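Right, one structure below, let's go through it.
Each reported figure results from applying straightforward, stated rules to the coordinates on display, with no laboratory input. Fair warning: this is a prediction, and the values are worked out from it, not measured in the lab. All Cβ positions, even for glycine, are placed from backbone atoms using ideal geometry, and neighbour counts span all protein chains on display.
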Amino acid sequence: MPATSMDSLVNLCKRRGFIFQSSDIYGGLQGVYDYGPLGVELKNNLKAAWWRAMVYERDDIEGLDAAILTHRSVLKHSGHEATFSDPMVDCRKCKSRWRADQIKDGKCEKCGSADLTEPRPFNLMFKTSVGPVADEDHFAYLRPETAQGIFCNFKNVLDSTSPKLPFGIAQIGKAFRNEITPKNFIFRVREFEQMELEFFVAPGTDDEWHAKWVEARVAWWRAQGLESGNLQQYPQKKEELAHYAKATVDILYRFPHGMEELEGVANRTDFDLGSHSKDPQELGLKAKVDENKDSVVKLTAPDPATQKPLVPFVIEPSAGVDRGVLAVLTEAYTEEKLENGTERIVLKLKPHLAPIKVAVIPLARNKPEIVEKARQVKDLLLKLGIGRIYYENSGNIGKSYRRHDEVGTPLCVTVDFDTIGKGEKPELADTVTIRDRDTMKQVRIRVAGLAGHIAGYFSAAR
Ligand code: GAP
């Protein structure tokens, strides 16, 4: 069970270049974060693991990358314009604003006053003007979820790839919400990324598919290193469900600030495809009309039994990338007491998520033969295509190991005098040491067998 504090994570993330406050040099933009040199690798690795599980390992899911800027009609049809809001209250004393459902004991978190306004809905969508005229007729929304891009491209994907029900469309991308109180580091932010699957099924099979996807998603998070004791399933109560959902199971994780939602798996029924097939004139909107049918584009697929068109139901596992990054960091962060009385911080990330896969360390940086050999070893390992291989030239082996423990590098390969045949043991020429992050054990191996050894390690660790 992680006993990691948020402070130690925030500290490590800044110190080692994982995550920074955005616009920091100008005082920071609240609820917005930037991913640094190691953070971008970790985040990309998490996204790649999701994409692999969803798109590459299955034959019933296609990928998509839809635009962020979204036509107003899309979010009017989807119900977001009318209902995508949180209840907000104002503190009459200090003028701060809060989410009504997160207020503790009916008091303002800033000044403690109980003199609060009645809750009123606050729409979370960001608007931006499009084109040179900035007025009410020329704006788009920044999408509040990636899902709508999938629903709007449903017919395009169906026509171009001819899948049969059940099938899915997967997408990873940015979403934006003007959260009233962003907090807990990257847990609740205003700009974030989602990994969303819309899995279309025949009506009547939706409950069964919903249960299957909850199970599959919990198993996937476990494969990213999250312990089962830190994961929980929470079926939402009726009054908690989003406007589109018939049932939702939240997958919760034990974050440093508490057990909170990491992913939601919703049964969205035929709500979205149905809504986008509605006559836009009902909503006072324009939409593309199917020229052959003189009607609105109908988002249907053939019924697997009768081949007649039906509006599929959809099961949606929707995970937050940033919350995923926070969860794997929380789980991996470990402070260890060593036998010699010293302490180390080690990030026990699963190897496929580690930002740096292997650090190659020349023992002496002023010995050209050692440096050249280390460079050759780096190039050799780079060809494996397993991810970032880091040439670590700090000159202090102890410090290098500590640094790589802290950023989660699973293996360090050291090139020394023995490697170049100038050590005390000539029989060790053309060998290197490999140090394991978690056990700190070192083994000596021939350079000729190094690539095979490292490739074997990373494929076995998946
Ligand atoms: N398409 C469904 C949907 O967007 P959601 O429960 O609102 O459902 C899905 O969001 C996931 O997106 C959440 O489980 C969470 O991981 C992530 N998420 C939502 N709002 C977020 C925020 N403000 N900051 C970070 N992640 C967020």
> Whose amide H sits under 5 Å from the amide H of Leu310, counting only residues 5 or more places off or on another chain, with H placed in the peptide plane?
Replying inline: Ala301, Asp303
> All other residues with a Cβ under 9 Å from the Cβ of Val311 taken together, and with Lys, Arg as +1 and Asp, Glu as -1, what is their net charge?
Replying inline: 0
> Where Lys and Arg each count +1 and Asp and Glu each count -1, what net charge lies around Ala114 among other residues with Cβ under 14 Å from its Cβ?
Replying inline: 0
> How big is the C-alpha Rg of the chain next to the rule-of-thumb value 2.2 N^0.38 Å, as a ratio?
Replying inline: 1.15
>> When a/c reaches 1.5 or more, the comparison of a/b and b/c decides; with that in mind, is the stretch 17-93 rounded, prolate or oblate per its Cα gyration tensor?
In response: oblate
> Using the beta-carbon distance between Ala242 and Glu335 and R0 = 60 Å, what value does 1/(1 + (r/R0)^6) give for FRET efficiency, to the nearest 0.05?
Replying inline: 0.95
>> Between Thr205 and Asn44, what is the label-point separation in nm under the 7 Å Cα-to-beta-carbon projection?
In response: 3.7 nm
> Toward the positive end of the charge dipole of the chain, about the Cα centre and with charges on Cβ (Lys, Arg +1; Asp, Glu -1), which of Ala53, Pro166, Ala460 goes farthest?
Replying inline: Ala460
> By DSSP, what percent of the beta bridges with both residues in the stretch 356-461 are antiparallel, rounded to the nearest 5?
Replying inline: 55 percent
> Computed FRET efficiency, Cβ-Cβ of Phe139 and Tyr26, R0 25 Å: what is it to the nearest 0.05?
Replying inline: 0.45
>> Can you list, by residue number, the Cys in the chain that have no neighbouring cysteine C-beta under 4.7 Å?
In response: Cys13, Cys152, Cys412
> What is the magnitude of the charge dipole of the stretch 39-183 about its Cα centre, with +1 placed on the Cβ of each Lys and Arg, -1 on the Cβ of each Asp and Glu, and no other charges, expressed in debye to the nearest 20?
Replying inline: 500 debye
> Looking at the square roots a ≥ b ≥ c of the eigenvalues of the Cα gyration tensor of the stretch 404-462, which shape do they give, rounded for a/c under 1.5, prolate if a/b is larger than b/c, or oblate?
Replying inline: oblate
> In debye to the nearest 20, how big a dipole does the stretch 356-461 give about its Cα centre with +1 on each Lys and Arg Cβ and -1 on each Asp and Glu Cβ?
Replying inline: 200 debye
> Computed FRET efficiency, Cβ-Cβ of Ala429 and Ser129, R0 56 Å: what is it to the nearest 0.05?
Replying inline: 0.25
>> Can you tell me the length gained on complete extension of the stretch Ile445 to Glu227, counting 0.36 nm per residue apart and subtracting the Cα distance?
In response: 75.2 nm
> With each run of n ≥ 4 DSSP H residues scored as -39500 (n - 2.57), what mean residue ellipticity at 222 nm is computed for the chain after dividing by its residue count and rounding to the nearest 500 deg cm²/dmol?
Replying inline: -8000 deg cm²/dmol
>> Just to be sure I understand the model, the point goes 7 Å from the Cα along the line to the Cβ. What's the resulting Ser394 to Met259 distance in nm?
In response: 3.9 nm
> Taking Rh as the Kirkwood radius, which is the inverse of the mean 1/r over Cα pairs, what is the Rg/Rh value for the stretch 99-148?
Replying inline: 1.20
>> Looking at the calculated P(r) for the stretch 356-461, what percent of the C-alpha pair distances fall above 24 Å?
In response: 14 percent
> By counting other Cβ atoms within 10 Å of each Cβ, how are Ser318, Ser228 ranked from fewest to most?
Replying inline: Ser228, Ser318
>> Which of Tyr56, Tyr390 has the fewest other C-beta atoms within 10 Å, and how do the rest follow up to the most?
In response: Tyr56, Tyr390
> Under a Cβ-Cβ cut-off of 11 Å, what is the net charge of the residues other than Gly274 that fall near it, where Lys and Arg count +1 and Asp and Glu count -1?
Replying inline: +1
>> Skipping prolines and chain starts, which residues have an amide H placed within reach, meaning under 5 Å, of the one on Gly168, given they are 5 or more residues away or on another chain?
In response: Ile61, Glu62, Phe200
> Rounded to the nearest 20 Debye, what is the dipole magnitude of the chain about its Cα centre when Lys and Arg each give +1 and Asp and Glu each give -1 at the C-beta?
Replying inline: 1340 debye
>> Based on alpha-carbon atoms only, what is the radius of gyration of the stretch 156-206 relative to the globular estimate 2.2 N^0.38 Å?
In response: 1.65
